Amino acid sequence: AKQQGNNGWVRFQPETGAAELRRQQLREDLRHALERGECELHYQPQFSLPERRLVGVEALLRWRHPQLGTISPAEFIPLAEEGPLILELGAWALREACCQAQTWNFGERKLLMSVNVSVRQFERPDFVPQVEAALAACGLPGGCLILELTETLLHQEAQVGAQTFNELHRLGVHIAIDDFGTGYSNIQLLRHLPFRQLKIDRSFVQDLADGAAGLASAQHFMKVMLNLAHGLGINVVAEGVETQAQFDLLTQLGCDKAQGFLLSPPLPAGELASTFL
Ligand code: C2E
Ligand code: CA
Ligand code: CA
Ligand code: CA
């Protein structure tokens, strides 16, 4: 973009380029997205290995922008996290996902609803009461809910973590480490916090069967992560499974669950239900 210089010359300002302008617009519009009903959750199914039985779904936020079309959460979540908006969005997603799970009878079907949680939510003193309220609002058993936290988050919050974990545990709510292997891996985390599930980042899954150099080490690495998790009684989800070769290798290596485009993309609630429930 261009800006008036102090003597009338128009000067180029690289920091206010197209990308920054888009961010500014999204930041502004995001403030009204919830109240305008532009947000919704899509649900991506997760399947057990090797049976390929449905075991749960992950709720993923979608924003239908009236002019710009669907905006990826990879783009708008970081903007929301700059301020208090992430708390509102997060609380909405949590409640919406819990109620959807209850509508779908997840308790009786023994299915799990996974919800992504930002550090900004998790660090709030009222986070646990909020989870409790979301469960109570629709009568969903705590045991149907898994909160997905990223590894990076947990590093910064290890102290706060322990108590929050215990309180969530009392509600029966499970906790998964998301994107495992992409942060600064810290085995202490696994030692000190009671995780139920670990999600292996799709970058590892991609390398598994790509036939390029390092294939053996990707498989070896996966095996080590599986052994570590299983030794601690933690089950493992591979995310971003896109090919049958990846699926077969994961099955062979003893991975517990798989999620990815090979099995299904994230779907609107109605479509998820008509296809899988
Ligand atoms: P994530 O939690 O790691 O979610 C997995 C992402 O991978 C999703 O992207 C999903 O659509 C995509 N995906 C699933 N299967 C495949 C596959 O086979 N191949 C590839 N290439 N991608 C696959 P999505 O929906 O765009 O979400 C991006 C990120 O935004 C999520 O990453 C999560 O970190 C964040 N996010 C989404 N919803 C929420 C939310 O409600 N709250 C918070 N705090 N973050 C959210
Ligand atoms: Ca996730
Ligand atoms: Ca992930
Ligand atoms: Ca991710």
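The values are calculated or read from the model by the stated rules, or taken from the named source; none is laboratory data. Since we're looking at a predicted model, the values are computed, not measured. Here the Cβ positions follow ideal geometry from the backbone for every residue, glycine too, while neighbour counts run over all protein chains shown. These area figures cover heavy atoms from the full protein model, side chains too; ligands, DNA and RNA do not enter into them. Shrake-Rupley method; radii C 1.70, N 1.55, O 1.52, S 1.80 Å.
A few comments on the model shown:
- All of (1) part of a helix (DSSP H, G or I); (2) touching a residue at least 40 places away in the same chain (Cβ under 8 Å); (3) under 18 Å from ILE146 (Cβ atoms) hold for VAL205 with one exception: (3).
- Check on VAL224, among the β-branched types (Val, Ile, Thr), touching a residue at least 24 places away in the same chain (Cβ under 8 Å) and either out of contact with any helix residue (DSSP H, G or I) (no Cβ under 7 Å at 6 or more places or on another chain) or more than 20 Å from SER114 (Cα to Cα) (or both): no
- Filtered residue count, the range 231-257, keeping only those that are within 11 Å of ligand 1 (Cβ to nearest atom), open to solvent by 20 Å² or more (accessible area, probe 1.4 Å) and more than 17 Å from VAL57 (Cβ to Cβ): 2
- Members of the range 258-275 found to be closer than 11 Å to VAL205 by Cα and open to solvent by 60 Å² or more (accessible area, probe 1.4 Å), listed by number: none
- Checking each residue in the range 106-133 for being over 15 Å from PHE165 (Cα atoms), part of a helix (DSSP H, G or I) and touching an Asp or Glu at 6+ places or on another chain (Cβ under 9 Å) picks out only ARG120.
- Selection count, the range 95-133, where residues are aromatic (Phe, Trp, Tyr) and open to solvent by 40 Å² or more (accessible area, probe 1.4 Å): 0
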